[in-house]
Every structure is written in structure tokens, then in C-alpha cells.
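Worksheet for the structure shown next.
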Amino acid sequence: MRAAAGRAKAHGIIFSIVLKPTCFLLLAFSALAQTKADPARVARLMQRAVVIDLHDDTTQMILDEGYNLGEKHDYGQVDSPRMRAGHVGAIFMSIWVDTDRYMPTEAIRRALEQVDAVRRETARHPADLELATTAGQILDARKRGRMAMLMGLEGGMAIDSDLAILRTFFDLGVRYLTLTHTNHTPWADTSSKPPAHNGLTDFGRQVVREMNRLGMMVDISHVSDKTFYDVLATSSAPVIASHSSCRALANVPRNMTDDMLKALAAKGGVVHINFYEGFLDQDFEKRSDALKDLQAQQDAIDDKTPKFGDRSQNGPAVRRINQQRIAKLGRVPLSKLLDHFEHAVKVAGIDHVGLGSDFDGVDDMVPAGMEDVSKIPALAAGLMERGFTDEQILKILGGNTLRVMREVEQAARKQ
């Protein structure tokens, strides 16, 4: 989700249980969360962890502002020094196009520019960053002391209903496609608008099958509930939600119901919990309604920004508005985010939950204590305090994502 485009991403949102022994233990977590996590234990765990964040929108800053990932910044939420501090092993850079502003052919150009920006920025920092496309390459990069950079294409509009374009993005390194964003595609319904297709069309099913054949993960964040179930019925490989939270705790359509979480798990998939406050806090939208004047200012900035060429003034102007918004709203506590992780594990199981922060895509509206990628150890500590074991936390931080990537890769090889 890229909220710097008028928070369209943030507001356009608003979408047979397998009980394992560990799940029964998790039911007692609230009673166990009595003591602070031992910093030494957290440090040991982070040294072992392969932390994988499935969704970050820093890409647009790299392309539009020349944002240098090799330098530590006092703005933005992701750069190499802070990734090191957060013990990040791999990060999926979002290739996102605002479908309210770009026509399909323009969306292809905008997406290709972002792919090029990620590849060039990765190549510019070979001591720290390494382009990866597979689970094995993530682990190989870690052995060499580097952090793996991967890409996910957010929004099926960017393939312009053409499987050849889908294959081209795969060849360029894109390893998941979020089927919709905040608008319908001609072949799939979004969660943000009344249905137009009753889920997936026949061509939408072709897209899913071709992704299975290629070994590209099918991402159901942003899609309608009917599209979600159509995807599960069509896909021969596990499916992911790259950045979604729990509708039982925050009733917005972008979040997943308990039934959806169970169905995703039964398919072998992983839900990657989104850090955006609007998906964590049931009362967030009521509070943010008081800031419509700031939103209008942000929309005006977006409207004046050219589609291509010099877009460097957009980011700083939007960040000034973000600072005013945070000053007025404050931040929700980290406990809200931990609630969603805990709930997802209880419902879907410990093998089906991961990280999908949405850093640099939600107008800096993330919980206190989770302000940027360097704070991931605080998340691990919070999970410890909720009673999770080290092995369970390692799965959430990245182990589950490695597993689902391998299974998608294996399904493609079988085809």
C-alpha cells in the first residue's frame, strides 16, 4: 500500500481449521505475558533469524527522489543501516502504480521504471544488498553477509490483461503479483469497491494458473472476499497475503476474516501482518476523519505531481503533512500489532503467519515502537512477552515465508 498518493492506498482498503499442538499452547498466551523479554534472549534469537518483510514501498522514493538505500536517513522507514539494525535478511520492494492516475499502458511504464530502480540501487551497494528471486538465494545472500532484495508487483493493472507482460515481469525478477489494488482489474474484483466481476473472470483464472506455472506467488491482499475464494479454488500452489491483518480485530474489508485465515492456511499459505494503524485499530478511521483538511492538502499535491519525469517535490511535501497528522493523532500502541499476530496464529496456525509491514506506504502511521525497519527486534520481544517460543518467532519472522516460497517454486517445477 502506498499512502503517499492521497492515502488512496490506505483508504482504498477499507476486505476447516487445522489445529496443531502449538496452537493449543497459544490459547493461554494472554495469561503468560507477564514478564519483559530478556534482551540477551532477543539478541540471540535475532542472530538466528532470517527476517523477511513481504511488503515495503520504499521503491517509489528510490525512483522519484533518488533515495539512497546505502545511507541512514532521518526520514523514510527503510535503508541498509536500519535493515542491519533490524537484522533483516530479505525485503520485498513493492512495485506499485496508482491506478487512479495511470492508464494501463502508463502503468506498465511506471512499473518498469520501478523495477529498474530496484535493480540499479541494489547493484549500487554490492557489499550490503543482493538481488534474489528464490528462497535459496535469500539464504545464500545471508551467508555472504548481504541482505536480499526481492520484488512484488502490487496491482494486476500493470500487466494490462496480457500474460506476455506477466511473464516479462517474472523474467525481470518479480516474484509475486497482488492481483488487484484499490480498483478492479478487467479480470478481478478489489475489496475497495462494489463487485464488478463476481470474483475472478475466466482470464483471471488464467493469470493464476500462469503464475503457478512460472513460480510466482499469488497475492490476495487487496482482493474481494469472492476473488480470494476463487483464487484458492484455482491455484495449484499455496497463496499468500503480502500485507493484510485480521478483520475480527479491525473490521475493514482489506483485512482477512477468520474463515479466510483458516482457508489460506489449509492451502498452505501465509498471511503477512500489515503494520498500518488503520488495519490494526477498530477506531482509527473515526479518529482520522477529523483530519480531512490534511488529506485534501495531500490530494492536491498528488494532483500537481507529473506522472513521469521530475517527481522529487512530492515526497518531502507529503512527509510534512504526515508529521502534522501524527502530531494530531499520535500512534497506537505496539500491543495492537501484537494482538493481530497473536490472533492470526491462533486462527491459522503458527506455520501460516509472517511480516508484511507496508513501511513507507502508510504515511508513517505505524504503532509506537515500530517506527521503522530497525525496530523488528522490538516485535520479537513483544512476541516473547506474549508467550511465543523462540522457534515459533523464527517461523513468523521469516521461516514460514521461506517455506511457502519453496513450495511455490516446487509446484512450478512439477508443471
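The values are calculated or read from the model by the stated rules, or taken from the named source; none is laboratory data. Quantities reported herein were computed from a predicted structural model and do not represent experimental measurements. Note that each Cβ is placed from the backbone with ideal geometry, even for glycine, and that neighbours are counted across all protein chains shown. These accessible areas exclude ligands, DNA and RNA; they are computed on the full protein's heavy atoms, side chains included. Shrake-Rupley method; radii C 1.70, N 1.55, O 1.52, S 1.80 Å.
Summarise the accessible area of the chain (1.4 Å probe, protein heavy atoms) by the percent that is carbon and sulfur. C and S atoms contribute 52 percent here. Close amide H contacts of Val218 (hydrogens built in the peptide plane, cut-off under 5 Å, sequence separation of 5 or more or a different chain): Ile240. With 10 Å bins beginning at zero, the pair-distance distribution over Cα atoms of segment 130-205 amounts to 19, 37, 25, 15, 4 %. With one equal scatterer per alpha carbon and no solvent term, the Debye-computed log10 I(q)/I(0) for segment 349-411 at 0.14, 0.30 1/Å reads -0.49, -1.23. Put a dot 7 Å past the Cα of Ala300, heading toward its Cβ, do the same for Lys36, and the two dots end up 4.7 nm apart.
Report the paramagnetic label zone for Asp116: residues of segment 298-336 whose backbone N is under 15 Å from a point 7 Å from Cα along the Cα-to-Cβ axis. Correct set: 308-311.
Annotation: per residue accessible area for the chain equals 36 Å², rounded to a whole number [probe 1.4 Å, protein chains only].
Here segment 44-116 yields Rg over Rh of 1.06, to two decimals, using C-alpha coordinates and the Kirkwood radius. Counting 0.36 nm for each residue step from Thr105 to Lys143 and taking away their Cα separation leaves a gain of 9.7 nm. The modelled label-to-label distance for the pair Lys307/Tyr75, using points 7 Å beyond Cα in the direction of Cβ, is 2.6 nm. The alpha carbons of the chain occupy a box of 52, 50, 45 Å along the principal axes, longest dimension given first. Spin-label pair Ile165-Arg44: with each label point 7 Å from Cα along the Cα-Cβ axis, the two points sit 5.2 nm from one another.
Counting only protein chain heavy atoms and rolling a 1.4 Å probe, the accessible areas of Arg124, Arg205 rank, largest first, as Arg124, Arg205. Taking 0.36 nm per residue of sequence separation and removing the Cα-Cα distance, the Gln415/Asp293 pair yields an extension gain of 38.6 nm.
Sparsely packed loop sites in segment 72-131 (the chymotrypsin sites (Phe, Trp or Tyr not before Pro) outside DSSP H, G, I, E and B with at most 16 other Cβ atoms within 10 Å) comprise Tyr75. In whole percents, the pair-distance distribution calculated for segment 269-325 from its alpha-carbon pairs, binned every 5 Å from zero, is 4, 16, 19, 18, 17, 13, 10, 4, 0. Rounded to whole numbers, the Karplus 3J(HN,Hα) couplings from phi for segment 388-402 are 5, 7, 4, 5, 5, 5, 4, 5, 5, 5, x, x, 5, 5, 4 Hz, using 6.51 cos²θ - 1.76 cosθ + 1.60 with θ = phi - 60°, and x at Gly and Pro.
Among beta bridges from DSSP that stay inside the chain, the antiparallel ones total about 10%.
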